[in-house]
Amino acid sequence: MSDDVQTERIERLIDALRDDNEALRDHAIASLSQVGKDAVGPLIRLMADEDVLIREAATSAIVRIGPSVVDSLIEALKDDEWAIREQAASGLGKLKDPRGVAPLVNALKDKDGAVRTAAVWALERVGDAHAVPGLVEALTDNTVREDVARVLKKIGDARAVDALIDGLLGNNWMVRRHAAEALGKIGDARGVGPLIESLKDEDWLVRRNAAESLARLGAKQAIAPLLPLLEDENTMVQETVEGVLASLGWTAKP
């Protein structure tokens with residue numbers, strides 16, 4: 001196929017991505033992915049379209065081309081257009097290629113919040129522990145810290161313990177929920193004291209998560225602080241604490 005014919009075919013398929021017919025758009029995505037490297041440039045430019053559905057369709061098409069597009073997406077993370085950077089981060093997450101980890105960590109400092117959010121989501125998909133130091137740093141970012149706490153919980157790396165303790169004792173209830181669960185998953189004894197303190201948290205799910213994590217840590221010193229939660233205002237907390245106390249070897253006096 002000549003270059004001119006190939007270019008014309010790509011242009012027609014790109015136009016089809018804008019069609020209202022979903023089946024036609026899906027066909028165009030599949031066809032563009034088969035075109036391969038020649039379609040990468042036009043698809044990346046399309047990631048800047050004002051219509052989010054078209055941006056996402058372009059990303060889907062480029063992801064379906066496969067690992068050969070990773071370098072192009074990494075380069076697109078430096079584009080002047082925020083939408084291209086956002087979609088590039090999303091694409092790297094879908095590809096789950098470890099080559100994307102370091103560039104995505106750098107994207108956690110992007111000036112645009114949507115790009116930073118996409119980078120966190122992508123790093124969650126990749127699930128590579130090499131991202132932990134950058135994610136820990138991003139816990140101070142008000143835009144993404146809740147998502148970051150969730151990702152750190154999922155990765156479960158001990159390097160995040162100090163930052164998670166800070167989050168557990170902080171003022172964001174969603175971060176506290178994730179941090180309380182993450183500290184139990186990581187299994188580091190440094191979390192015991194802060195988790196015991198969090199048994200008094202105003203948020204019921206923080207209290208429940210803290211109790212479960214203390215059970216995971218085998219923290220018998222938590223038995224006395226756990227006892228008042230047998231009468232917690234939330235029945236789910238009560239039920240959880242009953243099981244936690246039993247796992248720690250406590251039995252009610254007859």
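In table form, for the structure just shown:
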quantity: Candidates 157, 166, 20, ranked by Gaussian network fluctuation over the chain, Cα under 10 Å, top entry; calculated: 20
quantity: For the range 177-216 versus the range 12-28, the gap between their alpha-carbon centres in whole angstrom; calculated: 49 Å
quantity: Highest to lowest packing among 244-252, 70-78, scored as the average C-beta count within 10 Å; calculated: 70-78, 244-252
quantity: Residue of 64, 12, 159 that the Gaussian network model of the chain assigns the largest fluctuation, springs spanning Cα pairs under 10 Å; calculated: 12
quantity: Debye, to nearest 20: dipole size of the range 96-240, +1 on Lys, Arg Cβ, -1 on Asp, Glu Cβ; calculated: 440 debye
quantity: Whole-Hz couplings from phi, Karplus 6.51/-1.76/1.60, listed for the range 34-47; x for Gly and Pro; calculated: 6, 4, x, 4, 5, 8, 4, x, x, 5, 5, 5, 5, 5
quantity: Mean Cβ neighbour count within 10 Å, used as a protection proxy, ranking 123-129, 168-174 highest first; calculated: 123-129, 168-174
quantity: Top of 189, 211, 149 by mean-square fluctuation, Gaussian network on the chain, Cα under 10 Å; calculated: 189
quantity: Reach of residue 200 by Cα under 18 Å, taken over aspartates and glutamates that are not fewer than 8 positions away in the same chain; calculated: 166, 181, 212, 231, 232, 233, 239, 242
quantity: Nearest-20 debye value, the chain charge dipole, Cβ charges on Lys, Arg, Asp, Glu; calculated: 1100 debye
quantity: Using θ = phi - 60° and Karplus 6.51 cos²θ - 1.76 cosθ + 1.60, couplings along the range 206-213 (whole Hz; Gly, Pro as x); calculated: 5, 4, 5, 4, 5, 4, 4, 5
quantity: Aspartates and glutamates whose Cα lies under 13 Å from that of residue 78, excluding same-chain neighbours fewer than 8 positions away; calculated: 86, 110, 112
quantity: Residue pairs, from the table 185/220; 154/185; 96/185; 109/185; 37/109; 37/111, whose Cα atoms sit over 20 Å apart; calculated: 96/185; 109/185; 37/109; 37/111
quantity: ³J(HN,Hα), Karplus 6.51/-1.76/1.60, whole Hz, each residue of the range 119-132, x for Gly, Pro; calculated: 5, 4, 4, 5, 5, 5, 5, 5, x, 9, 5, 4, 7, 4
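We did not get these values from a lab; they are worked out from the coordinates using the rules stated. All of these numbers come straight from a predicted model, not from anything done at the bench. Glycine gets a Cβ as well: all are built from the backbone with ideal geometry, and neighbour counts include every protein chain shown.
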